[in-house]
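The values are calculated or read from the model by the stated rules, or taken from the named source; none is laboratory data. Since the model is a prediction, treat every value here as computed from it, not as a measurement. Every residue, glycine among them, receives a Cβ derived from its backbone with ideal geometry; neighbour counts consider all protein chains shown. Heads up: the accessible areas ignore ligands, DNA and RNA and are worked out on the full protein's heavy atoms, side chains in. Shrake-Rupley method; radii C 1.70, N 1.55, O 1.52, S 1.80 Å.
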Amino acid sequence: MSLDQDIRRLLRVELLGALTPEALGLLAFSSRKQRLHAGDRLYDEGETLDAALVILSGEIELSGAGLAPRRVGNEATLAELALFTPVEAPTSAVAASEAVVMRVTRETMTRVLEEFPQTAEATHARLSAQLARFAAEAQRV
């Protein structure tokens, strides 16, 4: 995949959509892609995560105690909050097929926000909106 394709994919990630193409380019260039085979484990439930994962191709199966397994695919993002703070994985994640994920570390995200400070406020607003939706959904359950 080319850098331009990676930028277009990252632009569709809700939380990252506020970043400029230049900022997304730095993010894509600085992030590591990982090729997975079916059955490869990304992380285990309860593990502390230091990066978000953007699924570029394939499917990842998420499972955890008391949860029905579910699959997520292209352009889904796992552990977005890990871009800003260490988070504990609420599920285990295993490749359900051949897959490629982009690992975006907190360190990389911090660098991007420092180099493109005009995007920090918009990213904060998007994160706040996502957390508000999550809290509203949690109250309905």
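Which residue is most open to solvent (accessible area, probe 1.4 Å), if the candidates are limited to the range 1-39 and must be free of Cβ contacts under 8 Å to residues at least 24 places away in the same chain and of a type in the set (Gly, Ala, Ser)?
Ser2
Please work out if Leu42 is surrounded by 14 or more Cβ atoms within 10 Å (Cβ to Cβ), modelled with pLDDT of 90 or more and within 15 Å of the chain's Cα centre (by Cα).
yes
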